[in-house]
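Structure record follows, encoded as structure tokens.
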Amino acid sequence: LDHRDHVDLIRDGVTPGGTWADLGSGTGAFTLALAELVGPRGSIYSVDRDTFALRSQADALQARFPAVTVRQVTADFTQPLDLPTLDGLIMANSLHFVREKADLVERLSAHLREGGRFVLVEYDADRGNRWVPFPISYRSWTAVATTAGLCGTRRIGSVPSRFLGSIYAAVSDRPAASEIPAA
Ligand SMILES: C[S@@+](CC[C@H](N)C(=O)[O-])C[C@H]1O[C@@H](n2cnc3c(N)ncnc32)[C@H](O)[C@@H]1O
């Protein structure tokens, strides 16, 4: 996949402007895509525990999207994160390192404003391998996202993959408080 493929995969989940986070951003494939889509009015918190990966993406971002504010955060996204209220967040090929997903997704979604977006990019499979230990199919994700309190989950893109069949992108919304059903 190249930059255009990354942009096309998540395009329908991202609107220009606003504050976003890329959790498990690695060398920045989707940070770059996000930078193109949020544009110069947007800002991005790029979170990874791998300092070397963050350093290499910083150069690429500076060269290609110097007008977009990107703050790099070296952190473990399974631990509490110091982030502002977000208009959206993306996890691309990073949630598959976590076995039990719903609690984490609920905690991460708490960083979103009401109506904020949670974009997931994952292999469309429920059985992994040693490199992709705990993938989650789109079908399973719809259930986990709902358990985590997100709503409106929809698939926004899909591409064939040499590994595990295909990769999809999905977007879900953090509901407004008035939309949350009373217990
Ligand atoms: C397969 S790479 C994906 C990178 C990028 N999002 C992409 O799609 O190309 C997974 C990244 O998630 C990061 N990662 C995995 N678990 C993490 C955690 N608990 N906290 C922070 N980063 C994590 C790894 O360091 C790695 O850079």
Of everything in region 167-183, what is surrounded by 14 or more Cβ atoms within 10 Å (Cβ to Cβ) and either part of a strand (DSSP E or B) or free of Cβ contacts under 8 Å to residues at least 24 places away in the same chain (or both)? Give them in sequence order. Ile167, Tyr168, Ala169, Ala170, Val171, Ser172, Asp173
Taking region 82-109 and keeping residues in contact with an Asp or Glu (Cβ under 8 Å, 6 or more places away or on another chain) and free of Cβ contacts under 8 Å to residues at least 60 places away in the same chain leaves His96
In the set Gln62, Gln57, the lone residue that is in contact (Cβ under 8 Å) with a residue 24 or more places away in the chain, part of a helix (DSSP H, G or I) and more than 20 Å from Ala170 (Cβ to Cβ) is Gln57
So Ala67, is it out of contact with any strand residue (DSSP E or B) (no Cβ under 8 Å at 6 or more places or on another chain), more than 13 Å from the ligand (Cβ to nearest atom), part of a helix (DSSP H, G or I) and hydrophobic (A, V, I, L, M, F, W, C): no
Residue under evaluation Gln79, criteria (1) near the ligand (Cβ under 10 Å from one of its atoms); (2) touching a residue at least 12 places away in the same chain (Cβ under 8 Å); (3) not in a strand (DSSP E or B), criterion not met: (2)
Which one is surrounded by the fewest Cβ atoms within 10 Å (Cβ to Cβ) among residues in region 131-143 that are in a loop (DSSP other than H, G, I, E, B) and out of contact with any strand residue (DSSP E or B) (no Cβ under 9 Å at 6 or more places or on another chain)? Trp131
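Per-residue answers, yes or no, for (1) closer than 20 Å to Glu122 by Cβ; (2) more than 10 Å from the ligand (Cβ to nearest atom); (3) surrounded by 18 or more Cβ atoms within 10 Å (Cβ to Cβ):
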position	(1), (2), (3)
Val14	yes, yes, yes
Thr19	no, yes, yes
Thr27	yes, no, no
Leu32	yes, no, yes
Pro40	no, yes, no
Members of region 82-124 that are under 14 Å from Val47 (Cα atoms) and in a strand (DSSP E or B): Leu86, Gly88, Leu89, Ile90, Met91, Ala92
Just one of Leu164, Leu120, Leu150 is modelled with pLDDT under 95 and either buried (at least 18 other Cβ atoms within 10 Å of the Cβ) or of a type outside the set (Lys, Arg) (or both); which is it? Leu164
Is it the case, given these coordinates, that Gly128 is part of a loop (DSSP other than H, G, I, E, B), touching a Leu at 6+ places or on another chain (Cβ under 9 Å) and not aliphatic (A, V, I, L, M)? yes
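The values are calculated or read from the model by the stated rules, or taken from the named source; none is laboratory data. Bear in mind the structure is a predicted one, so any value in this text is a computation, not a measurement. Here Cβ is always computed from backbone atoms with ideal geometry, including for glycine, and neighbour counts include all displayed protein chains.
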